[in-house]
1. I want to confirm something. Restricting to segment 152-181 and keeping residues that are among the hydrophobic types (A, V, I, L, M, F, W, C) and within 15 Å of the ligand (Cβ to nearest atom), which single residue is nearest to residue 210 (Cα to Cα)?
2. Quick check on segment 91-103: of everything there that is aliphatic (A, V, I, L, M) and crowded, with 23+ Cβ neighbours inside 10 Å, which residue is farthest from the ligand (Cβ to nearest atom)?
3. Please list, ordered by first then second residue, the pairs with beta carbon atoms under 7 Å, 6 or more apart or interchain, first in segment 102-120 and within 17 Å of residue 72 (Cβ to Cβ), second among the polar types (S, T, N, Q) and near the ligand (Cβ under 9 Å from one of its atoms).
4. For segment 132-150: of the residues being touching an Asp or Glu at 6+ places or on another chain (Cβ under 9 Å) and farther than 23 Å from residue 57 by Cβ, which is farthest from the ligand (Cβ to nearest atom)?
5. Within segment 273-280, does at least one residue satisfy the condition of being surrounded by 16 or more Cβ atoms within 10 Å (Cβ to Cβ) and more than 16 Å from the ligand (Cβ to nearest atom)?
6. Being at pLDDT 95 or above and within 16 Å of the ligand (Cβ to nearest atom) is the requirement here; does residue 286 meet it?
7. The conditions are (1) assigned to a helix (DSSP H, G or I); (2) crowded, with 16+ Cβ neighbours inside 10 Å, and residue 32 fails exactly one of them. Which is it?
8. Please go through segment 57-71 and pick out each residue that is of a type outside the set (A, V, I, L, M) and away from the ligand (no atom under 13 Å from the Cβ).
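The values are calculated or read from the model by the stated rules, or taken from the named source; none is laboratory data. Since the structure is predicted, the reported quantities are computational estimates derived from the model, not experimental observations. Counting neighbours? That spans all protein chains shown, and the Cβs are built from the backbone with ideal geometry, glycine included.
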Amino acid sequence: MTSIPQDKIIDGKAFAAKVREGVAADVTKLKASHGLTPGLAVVIVGEDPASQVYVRNKVKQTAEVGMLSVHHELPADTTQEALVAKVRELNADPAIHGILVQLPLPKHIDEAAVIETIVPEKDVDGFHVVNSGLLATGGKGMVPCTPLGCLMMLKDRLGDLSGKKAIVVGRSNIVGKPMAQLLLDANCTVTIAHSRTANLADEVRAADIVVAAVGRPEMVKGDWIKEGATVIDVGINRIDAPELGEGKSRLVGDVEFAAAADRASAITPVPGGVGPMTIACLLKNTVTAACRQNGIDPESL
Ligand code: GUN
């Protein structure tokens with residue numbers, strides 16, 4: 001295996017920084033022209049360490065682009081009724097344009113019921129059934145942040161995606177399904193693969209675009225990648241790395257990175273690929289939500 005040419009690497013960190021600059025400029029314009037400060041409320045229940053890190057980043061980056069950033073930390077034993085009441089309070093707050101309830105929620109809380117309590121206009125995650133329905137039918141809803149970030153990176157690299165064969169490995173409501181929908185809207189021919197797919201290797205070998213979102217370390221093998229394909233790796237998996245020393249671990253994606261990079265024309269690394277784009281798209285969605293709630297066309301900014 002040779003070393004990987006840098007121009008093959010899709011630098012999600014740098015791209016996300018550019019998106020955030022654009023969002024900050026839009027926020028400045030909205031404040032000046034309409035006296036409007038977009039506001040995002042992030043709600044976390046319990047003390048899951050990974051969720052706490054994600055939420056801290058979201059809250060910090062929201063403030064950094066000049067938006068109102070509100071953070072609600074609720075104890076792990078918060079009742080479903082109390083959480084629903086908090087969401088209703090935020091629904092009614094005119095200073096808040098986006099609401100994000102960090103998942104997963106503690107087991108005693110019905111996640112779907114909480115998500116459906118968020119008014120669709122403020123659902124900046126794009127998880128509400130109204131928003132998934134709008135995405136499926138070509139309407140203007142809120143689009144889930146991770147797939148939106150993946151699509152932006154693909155368009156940035158490839159331009160027009162029309163006619164390309166795309167495979168999405170994984171069928172979650174949060175990534176796989178909306179990703180497939182976005183690729184279909186971009187005129188790709190889309191395959192959705194999952195744990196019961198027969199001949200996954202052959203399905204991947206046929207694809208010009210591979211989006212891996214299964215949450216299984218290095219499950220997509222490098223030699224499955226078609227020569228010249230573009231690979232987007234959504235997975236973030238921590239694995240033991242005794243080669244780095246006793247008790248050490250490292251992050252890997254859902255794709256065997258080095259072997260895939262040998263064959264791909266472009267690939268996202270883990271970390272530093274899709275991850276930073278998710279938060280950048282959350283900020284972008286919050287600006288879009290604030291505009292729509294105030295009768296402003298976000299495209300006009
Ligand atoms: N947990 C992990 N990723 C996400 C996300 O994008 N949104 C929410 N609400 N929770 C998550």
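1. Of all residues in segment 152-181, those among the hydrophobic types (A, V, I, L, M, F, W, C) come to 152-154, 158, 161, 166-169, 174-175, 179-180.
Then keep just the ones that are within 15 Å of the ligand (Cβ to nearest atom); that gives 174-175, 179.
On the way: 174: 17, 175: 13, 179: 11 Å.
Ranking the qualifying residues of segment 152-181, first place goes to 179.
2. First, pick out the residues of segment 91-103 that are aliphatic (A, V, I, L, M): 92, 95-96, 99-101, 103.
This time we only want the ones that are crowded, with 23+ Cβ neighbours inside 10 Å, so: 99-101.
Numbers: 99: 10, 100: 5, 101: 6 Å.
Going through the qualifying residues, I end up with 99.
3. From segment 102-120, the pairs are 102/51.
4. Of all residues in segment 132-150, those touching an Asp or Glu at 6+ places or on another chain (Cβ under 9 Å) come to 135, 138, 141-142, 144-145.
Restricting the remaining residues to those that are farther than 23 Å from residue 57 by Cβ gives 135, 138, 141.
On the way: 135: 15, 138: 23, 141: 16 Å.
Per the stated criteria, the residue is 138.
5. We begin by selecting, within segment 273-280, every residue surrounded by 16 or more Cβ atoms within 10 Å (Cβ to Cβ); these are 273-280.
With more than 16 Å from the ligand (Cβ to nearest atom) added as a condition, the list becomes none.
No, every residue in segment 273-280 fails to be surrounded by 16 or more Cβ atoms within 10 Å (Cβ to Cβ) and more than 16 Å from the ligand (Cβ to nearest atom).
6. Details: at pLDDT 95 or above: yes; within 16 Å of the ligand (Cβ to nearest atom): yes.
Yes: the conditions hold for residue 286.
7. With respect to (1) assigned to a helix (DSSP H, G or I); (2) crowded, with 16+ Cβ neighbours inside 10 Å, residue 32 is out only on (2).
8. So in segment 57-71, the residues of a type outside the set (A, V, I, L, M) come out as 57-58, 60-62, 64, 66, 69, 71.
60, 61, 62, 64, 66, 69, 71 - these are the residues of segment 57-71 that are of a type outside the set (A, V, I, L, M) and away from the ligand (no atom under 13 Å from the Cβ).
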